[in-house]
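Throughout, read-outs are computed from the coordinates displayed, never taken from laboratory work. Model, not experiment: these values are computed from the prediction. Note: ideal-geometry Cβ built from the backbone for every residue, glycine included; neighbour counts use all protein chains shown.
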Amino acid sequence: MKKLLDEFKEFIMRGNALDLSVGVVIGSAFTAIVNGIVSGLITPLIGLVVGLISGGTDLESSMSVLDWAPINGVTFSFGSVLSALITFLITGFVLFLIVKAVNTAQRKVVKKEEELEAEAPQCPYCKQEVAEGATRCPHCTSELPEPARSRLPEITTA
């Protein structure tokens with residue numbers, strides 16, 4: 001079970017899965033904006049124009065911005081468009097915070113892994129890699145002052 005959870009964690013922490021999920025969420029929020037604009041503004045505007053062309057009342061007497069009354073039975077839903085925009089902005093901000101937290105966590109994991117990786121010991125004369133515990137350099141055959149050790153900091157236990 002632990003291995004399955006570790007594999008799932010590795011899958012989620014990969015950039016591809018995170019990018020895909022962010023794209024899907026932003027796409028659905030953007031779809032809500034488009035639907036709100038179409039159903040709240042464009043469709044009523046088309047209905048108003050068609051009503052005026054087909055012999056409805058004239059535009060000057062029917063168009064009143066201040067009272068928000070239906071115009072020839074057509075109402076503009078500015079609230080639904082504004083609601084979709086606000087929802088999109090909030091969703092985008094929350095996703096930004098989530099992605100930022102995941103990126104910070106990934107950087108910490110990478111930094112820990114880099115700290116734990118041992119640098120191979122080097123010959124002080126030719127600067128070539130030597131095996132740990134070697135007393136002579138295999139490249140320049142110099143005698144090493146002390147047996148080669150990796151450059152990991154010593155871990156002391158209390």
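Quick notes on this one:
- Residue exposure sequence - S83, S54 - by fewest surrounding Cβ within 10 Å: S54, S83
- Counting every other Cβ atom within 10 Å of each residue's Cβ, L5, L85 order from fewest to most as L5, L85.
- Of M1, M13, the sequence from fewest to most neighbouring Cβ atoms within 10 angstrom is M1, M13.
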